[in-house]
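A.B. asks: Dropping the structure in here first, questions after.
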Amino acid sequence: MNREDQLQWEARWGLPAALAAFAAGAMLLVSGLLFVPKDREGIESNPYFLLSVNEQTGPYVTSAVLAAIGALIVIGVFLYLFRAAMARGAAVPHWFVYLIVGAPILYAISTVWATVEVIDIADKFAAGTPIRGDAGTDRARDLSDSAALLLGVSTAGTVGLAFLYVMLPLRARRVGLLSPFMGILGVVVGALIVFRSQFPGLATVVQAFWLAALGALLLGRWPGGRGPAWASGRAEPWPTAAQRRGLRPMPGEEEEPTLDPTPPEPEPVPERPKSRKRRRKQ
């Protein structure tokens, strides 16, 4: 595919990719708001989480399903960004496309699978005793021991999805498709996905913001516009703030020195006026 065909493909699929990014970000936000465990006095975090799941089974299931669907929608967004980066010479291995498809699928499967397991565990925990104190914590931990297969699928999906958010934005930044801010924020999102259990609210908000920002960039609504690499189809650095304000020339607009084969003619030396002594002698 030549450069013109690539640009036409990007123009044709840019809107669907942007809408997919917006949809995935919105689903993540709604998923985070639907289920919020209730604090319970005298009960540790794991037991009160199981009690909250038992009391709010519907919102918990809906939250997990939305998170899984959002992960699947991200496949289309990353495939679009991957193809655009590859067309501009980004050093992304070709096998990376399998990770783009496989990691979100594993993440979605493990999310739904874990949800079913947690609902069953929450029902057993709420129906028995003890619930409070150290005994309740130990009982919740014993019931929550995950199967080895589920743990493996969940780990592979989580780490793979986090790796996508780290590597692909950095490669796209190198060829000028993303701003430095978007590249660094992608790394932050990847780290928060791995540690989502410690920072659930923060991870959801930052990931949703990154997806929304990417959608705005694909539509050309990013503050300051898109980088010149989107229009040229070549790898070009993202303009700096000084370049956007016109204080420095944009990438590719720097004046190159021209080589003139004929040397410039020397300027004539002005004739010095004769001194008074020479005038008298004459």
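A.B. asks: Of the numbered conditions (1) at pLDDT 95 or above; (2) in contact with a Phe, Trp or Tyr (Cβ under 6 Å, 6 or more places away or on another chain); (3) among the β-branched types (V, I, T), V53 fails exactly one; give the number of that condition.
C.D. replies: (1)
A.B. asks: Here's something else I'd like to know. Using the structure shown, decide if E10 is charged (D, E, K, R) and under 20 Å from V118 (Cα atoms).
C.D. replies: The answer is no for E10.
A.B. asks: Please go through segment 136-147 and give me each residue that is surrounded by 12 or more Cβ atoms within 10 Å (Cβ to Cβ) and of a type outside the set (S, T, N, Q), ordered by number.
C.D. replies: G136, D138, R139, A140, R141, L143
A.B. asks: Considering only segment 148-169, how many residues are open to solvent by less than 60 Å² (accessible area, probe 1.4 Å) and either without any contact (Cβ under 8 Å) to a residue 40 or more places away in the chain or not polar (S, T, N, Q) (or both)?
C.D. replies: The total comes to 14.
A.B. asks: Any residue that is part of a helix (DSSP H, G or I), open to solvent by 10 Å² or more (accessible area, probe 1.4 Å) and under 18 Å from L29 (Cα atoms) - is there at least one of those in segment 87-107? Write out each step before concluding.
C.D. replies: So in segment 87-107, the residues part of a helix (DSSP H, G or I) come out as 87, 96-107.
From the residues that got through so far, the ones that are open to solvent by 10 Å² or more (accessible area, probe 1.4 Å) too are 87, 97-99, 101-102, 105-107.
Restricting the remaining residues to those that are under 18 Å from L29 (Cα atoms) gives 107.
There is at least one residue in segment 87-107 that is part of a helix (DSSP H, G or I), open to solvent by 10 Å² or more (accessible area, probe 1.4 Å) and under 18 Å from L29 (Cα atoms).
A.B. asks: May I pose another question? Would you check if there is a residue in segment 41-60 being touching a Leu at 6+ places or on another chain (Cβ under 9 Å), assigned to a helix (DSSP H, G or I) and of a type in the set (S, T, N, Q)?
C.D. replies: No, because not a single residue in segment 41-60 is touching a Leu at 6+ places or on another chain (Cβ under 9 Å), assigned to a helix (DSSP H, G or I) and of a type in the set (S, T, N, Q).
Residues are listed down the side, and each one gets a yes or a no for (1) buried (at least 18 other Cβ atoms within 10 Å of the Cβ); (2) of a type in the set (G, A, S); (3) under 21 Å from the mean Cα position of the chain (by Cα); (4) farther than 28 Å from V166 by Cα:
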position: Q8; (1), (2), (3), (4): no, no, no, no
position: A18; (1), (2), (3), (4): yes, yes, yes, no
position: A21; (1), (2), (3), (4): yes, yes, yes, no
position: Y60; (1), (2), (3), (4): yes, no, no, yes
position: I75; (1), (2), (3), (4): yes, no, yes, no
position: L79; (1), (2), (3), (4): no, no, yes, no
position: A84; (1), (2), (3), (4): yes, yes, yes, no
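A.B. asks: Continuing with the same structure: List every residue pair whose Cβ atoms lie under 7 Å apart, where the two residues are 6 or more positions apart in sequence or sit on different chains, the first residue falls within segment 113-125 and is within 23 Å of A156 (Cβ to Cβ) and aliphatic (A, V, I, L, M), and the second residue, located anywhere, is open to solvent by 30 Å² or more (accessible area, probe 1.4 Å) and modelled with pLDDT of 85 or more.
C.D. replies: Partner pairs satisfying both residue conditions: A114/S154; I119/T57.
A.B. asks: Under the condition of being touching a helix residue (DSSP H, G or I) at 6+ places or on another chain (Cβ under 8 Å) and free of Cβ contacts under 8 Å to residues at least 24 places away in the same chain, which residue from segment 197-219 is least open to solvent (accessible area, probe 1.4 Å)?
C.D. replies: A203
A.B. asks: I need the full set of residues from segment 113-135 which are among the hydrophobic types (A, V, I, L, M, F, W, C), closer than 30 Å to G160 by Cβ and crowded, with 16+ Cβ neighbours inside 10 Å, in order please.
C.D. replies: Result: W113, A114, V118, I119, I121, A122.
The values are calculated or read from the model by the stated rules, or taken from the named source; none is laboratory data. What you see is a predicted model, and the numbers here were worked out from it, not measured in a lab. Neighbour counts are summed over all protein chains in view; Cβ atoms, including those assigned to glycine, are modelled from backbone coordinates with ideal geometry. Note: areas computed on protein heavy atoms with side chains; ligands, DNA, RNA excluded. Shrake-Rupley method; radii C 1.70, N 1.55, O 1.52, S 1.80 Å.
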